Amino acid sequence: MTDLFTNPHRYGDLADWRREAVALHAQGPIHRIEQPGYQPFLAVIGHDAVLDIERRPDDFTNGPEPVLGTDEAIAMRKAQGAEIRTLIHMDAPDHGKYRRLTNDWFKPASVRKMNDRLEHLSREAVAKLEALGGAADFYRDIAASYPLQVILAILGLPETDYARMNKLTQELFGAEDPDLQRDVISPEQMVEVIMDFYAYFAALTVDRQTTPTDDLASLIANGIIDDVAMPDLEKMGYYVIVATAGHDTTAAAMSGGLRALAEYPDQLHLLQANPELIPNAVDEMIRWTAPVRHFMRTAHVDAEIAGYPIKAGEWLYLSYLAGNMDPNVFEDPLRFDVARTNADRHIAFGFGQHFCLGAQLARMELRSLFAHIVPRFKTLELAGTPTTAKTTFVGGHKSVPIRYTLNA
Ligand code: HEM
């Protein structure tokens, strides 16, 4: 029985992971997984099978457990009351109501107002590569900070809050990663972390209620649902999801994309000769990296998906990464191909009513960054072995050492 979906270390070697996922596709789109410590679940790896499930949000809900956890971790969290309620935790009717609050804010026309900020950050990235003089860690020096600066900008927070927001993502998403073993790993301490952020966001709420601006924090602080002010728990959940969902994810796509360009110089050269391919290359990078490894769904009806019988009550692991490696949709899926004609059919942003709210923003960030840096590389190669996050949820690289020369 494969430990591909439950063992965080397996995600640390993505090349190996992708190969095994492709081999698994030959055995069908859905696989029953039984691993010690976990409630048995169905790993949905077929591209179209994931879409079929996401098309039926009433039959396959995000609640009660939208993220894989061991029985022990889930029980402890419940006992501790470390409650958090974000869009990801919601189903109809709440989900639609809460999503509508910020949906317009994330639409392309609205997100375009971030363009100047992105251009600035991309020029800064080039300046940093110049200043570093030919040796850099692309994750630590560029990719980790870029999306976080964007998040601060959309929430309307000062740059001095950078370290705090960074910590929030690390604590909430990184706890499972053995390499990130920090002090804060026990459920008790996790409650402390969450409480600390609640205090911070509570102060932010008061500020934006007193003096609202046009930032996203003001929209959340003054949010009205069913004609009444949004309750505190959901308000906090909203801040937390916006602050965390767009950070590690986008950084992982950036660093994994750059790594691929370093490992496949023909693709870098193709892109340099055809800069109009940048948007397509960005989708290929997101297909290739799929930084959100999974979300879970719970079946509420007996159903048949891709010919596989599913019983009410079963837990489903939607594997976005495996879906992106489906040979039935992507020809030669293990090839990184910036000119792939259907790269944008990847499912790394999910699908349906929970489709990633920040997808346009993430694409814009990657397009801006790569449009600025790609033409500048005269040479680019890895300068050591990149290190990766060992997590079954959200992750990518933790370091991508590169050596390069730049064109004038
Ligand atoms: C490459 C970067 C990103 C990837 C791969 C990614 C991936 C995902 C995925 C897979 C989902 C769940 C979709 C589903 O269940 O069908 C999601 C949801 C979400 N994402 Fe992203 N995301 C990225 C960037 C961002 C950014 C930049 C933001 C905004 C700041 C963001 C905000 C959200 C929010 C708020 C949700 C919850 C939507 C809902 O449940 O209705 N994401 N994302």
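Points worth noting:
- Here the gap between R117 and L382, fully extended at 0.36 nm per residue and compared with their Cα-Cα distance, gives a gain of 92.5 nm.
- The convex hull around the C-alpha trace of the range 1-48, projected and averaged over every direction, spans 3.4 square nanometres.
- Dipole magnitude of the chain about its Cα centre (Cβ charges: Lys, Arg +1; Asp, Glu -1), debye to nearest 20: 820
- Phi-derived couplings, Karplus 6.51 cos²θ - 1.76 cosθ + 1.60 at θ = phi - 60°, listed residue by residue for the range 33-43: 10, 10, 10, x, x, 10, 4, x, 9, 9, 8 Hz, with x used for Gly and Pro.
- The residues of the range 1-55 expose on average 41 square angstrom of accessible surface per residue, using a 1.4 Å probe on protein heavy atoms.
- Put a dot 7 Å past the Cα of K97, heading toward its Cβ, do the same for T160, and the two dots end up 3.8 nm apart.
- Just so you know, the averaged projected area of the alpha carbon convex hull for the range 82-175 sits at 8.2 nm².
- Count Lys and Arg as plus one, Asp and Glu as minus one, and take only other residues whose Cβ is under 13 Å from that of L118; the net charge is then +2.
- Sorted on the mean count of surrounding Cβ atoms within 10 Å across their residues, most packed first, peptides 354-365, 369-380, 99-110 read 354-365, 369-380, 99-110.
- Of all accessible heavy-atom area on the chain, the percent that carbon and sulfur account for (1.4 Å): 54
- Label point distance in nm, M1-D207, each placed 7 Å from Cα along Cα→Cβ: 4.9
- Entry for the chain at q = 0.08, 0.10 Å⁻¹: log10 I(q)/I(0) = -0.42, -0.67, Debye formula applied to identical alpha-carbon scatterers, no solvent contribution.
- Among 125-133, 9-17, 40-48, sorting by the average number of other beta carbon atoms lying within 10 angstrom of each residue, highest first, gives 40-48, 9-17, 125-133.
- With 28 Å as the limit, the listed pairs K235/K311; K78/K107; K113/K235; K235/K398; K97/K398 have K235/K311; K78/K107; K235/K398; K97/K398 beyond it between alpha carbons.
- Helical runs (DSSP H, four residues minimum) scored at -39500 (n - 2.57) apiece and divided by the length of the chain put the mean residue ellipticity at 222 nm at -14000 deg cm²/dmol.
- Top positive-direction residue, dipole computed over the range 218-360 with Cβ charges, set P333, H300, A343: P333
- Taking every full run of DSSP H in the chain, the ones that stretch at least 30 Å from end to end by Cα along their long axis and average 0.0 or higher on the Kyte-Doolittle scale are 187-210.
- Net charge of neighbours whose Cβ lies under 12 Å from the Cβ of L42, counting Lys and Arg as +1 and Asp and Glu as -1: +1
- Charge tally around L382: other residues with Cβ under 13 Å, Lys/Arg +1 each, Asp/Glu -1 each, net -1.
- H89, H247, ranked by accessible area, largest first (probe 1.4 Å): H89, H247
- Per residue solvent-accessible surface (Å²) - the range 318-374, probe of 1.4 Å: 33
The values are calculated or read from the model by the stated rules, or taken from the named source; none is laboratory data. Since the model is a prediction, treat every value here as computed from it, not as a measurement. Reconstructed Cβ throughout: ideal geometry from the backbone, glycine too, with neighbour counts over all protein chains shown. The accessibility values were calculated without ligands, DNA or RNA, using every heavy atom of the protein model including side chains. Shrake-Rupley method; radii C 1.70, N 1.55, O 1.52, S 1.80 Å.
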